[in-house]
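Novice: Sharing a structure below in structure tokens format, with a few things to ask.
The values are calculated or read from the model by the stated rules, or taken from the named source; none is laboratory data. Keep in mind that what you see is a predicted model, and the values were worked out from it rather than measured. Note that we place each Cβ from the backbone using ideal geometry, even for glycine, and neighbour counts take in every protein chain shown.
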Amino acid sequence: MDQRRYLDLIELDYARLRDTATRDLAAPVPRCPGWTTADLLKHVGDTFLHKVETMRRGAWPKPWPPEPDPNGPAAYLNRAMAELRGELASRPPEEQALTWYDPDQTVGFWARRMALETAVHRVDAELAAGEPIMPIPADLAVDGIDEILVTFLAFASRQWPEDFGDALAGADGRTVSITTGANGWLVRLAASGVEVAGDDAPGEASISGAPQDVLLWLWRRADDATLTFDGDPGLVRRLRDLLKEATQ
């Protein structure tokens, strides 16, 4: 996916998130325990501005986050989106930018990350409102599956294994295959860290479904009923536990 596509999708999901969440700022967000939709709007605004400041400074902004906006969380999100829009539109995707993912230190990393961040939290707003989930385009969903497996799970489990605790320590090297359409990933769960290959080889357990359903399950925004499982259910539970640690 190119940067223009990411920016277009951010715009769509930001608008849907804002419009849905502001209908009831006190509504609880089911998949983010303890949050209201006001908290959700502030979180996304904080995230947008954090990435803007990181790109501008070439360093992580400190102290962070800023004080709450006196005009409210919706106004804050609107301001943050304007800043993010301007920053990403003014920089080529290959331009160097500080990120937490060592293999990719570019503006393009943040365009992709913010597109997926906005899509997942737009779903949070829809779940909070009890409204139907607007479809996530298949190209973004497949890209998001790859992102969560490669950057959030494989990279993070090797870079910061202490964050994964017993869920990683008890992994024994067996594999889970994840497939959606023609796309497949083979995920090896090992105590030394998770490994991910773009491969449709079978694993000791398997997970399959439509791109949106797989993405939302990996992000714990969808339940098991949306997917098809086969093989060792214990491996699936371990993957789910590792994903919980990777995405907190």
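Novice: Of the residues that sit in segment 17-41 and are under 17 Å from the mean Cα position of the chain (by Cα) and part of a helix (DSSP H, G or I), which one is nearest to V142 (Cα to Cα)?
Specialist: Out of the qualifying residues, it is L17.
Novice: From the set of residues in segment 217-248 that are small (G, A, S) and buried (at least 18 other Cβ atoms within 10 Å of the Cβ), which is modelled with the lowest pLDDT?
Specialist: The selected residue is A246.
Novice: Could you grab me the full set of residues in segment 156-177 that are farther than 9 Å from G193 by Cβ and either outside the structural domain of G234 (by TED's automatic domain parsing) or among the polar types (S, T, N, Q) (or both)?
Specialist: T175, S177
Novice: Are any of the residues in segment 94-111 buried (at least 20 other Cβ atoms within 10 Å of the Cβ), in a loop (DSSP other than H, G, I, E, B) and in contact with a helix residue (DSSP H, G or I) (Cβ under 8 Å, 6 or more places away or on another chain)?
Specialist: yes
Novice: Right, something else. If the Cβ limit is 7 Å and pairs must be 6+ apart or interchain, which residue in segment 86-108 that is assigned by TED's automatic domain parsing to the domain that holds G58 pairs with which residue that is modelled with pLDDT of 95 or more and among the acidic types (D, E)?
Specialist: T106/E94; T106/E95; V107/E95; G108/E94
Novice: What are the residues in segment 84-93 that are part of a helix (DSSP H, G or I), within 11 Å of M55 (Cα to Cα) and not acidic (D, E), if any?
Specialist: L84, L88
Novice: I've got another one for you. Find the residue count for segment 1-24, including only residues that are over 20 Å from G144 (Cα atoms), touching a residue at least 40 places away in the same chain (Cβ under 8 Å) and surrounded by fewer than 16 Cβ atoms within 10 Å (Cβ to Cβ).
Specialist: Looking only at that region, the number is 2.
Novice: Separate question: Say we look at segment 138-163 and pick out the residues that are assigned to a helix (DSSP H, G or I) and free of Cβ contacts under 8 Å to residues at least 40 places away in the same chain; which of these is surrounded by the fewest Cβ atoms within 10 Å (Cβ to Cβ)?
Specialist: E162
Novice: Next question, about the same structure. Go through segment 164-248 and tell me which strands (runs of 3 or more DSSP E), entirely inside it, have 1 or more residues that are within 21 Å of E147 (Cβ to Cβ) and hydrophobic (A, V, I, L, M, F, W, C).
Specialist: Once the strands (runs of 3 or more DSSP E) in segment 164-248 are filtered for at least 1 residues that are within 21 Å of E147 (Cβ to Cβ) and hydrophobic (A, V, I, L, M, F, W, C), what remains is 172-180, 183-190, 195-197, 205-208.
Novice: Do we find that E83 is free of Cβ contacts under 8 Å to residues at least 40 places away in the same chain, of a type outside the set (F, W, Y) and either within 23 Å of R220 (Cα to Cα) or loosely packed, with under 15 Cβ neighbours inside 10 Å (or both) in this structure?
Specialist: no
Novice: When residues of segment 67-80 are filtered for being exposed (fewer than 15 other Cβ atoms within 10 Å of the Cβ) and under 28 Å from A246 (Cβ atoms), how many remain?
Specialist: 0
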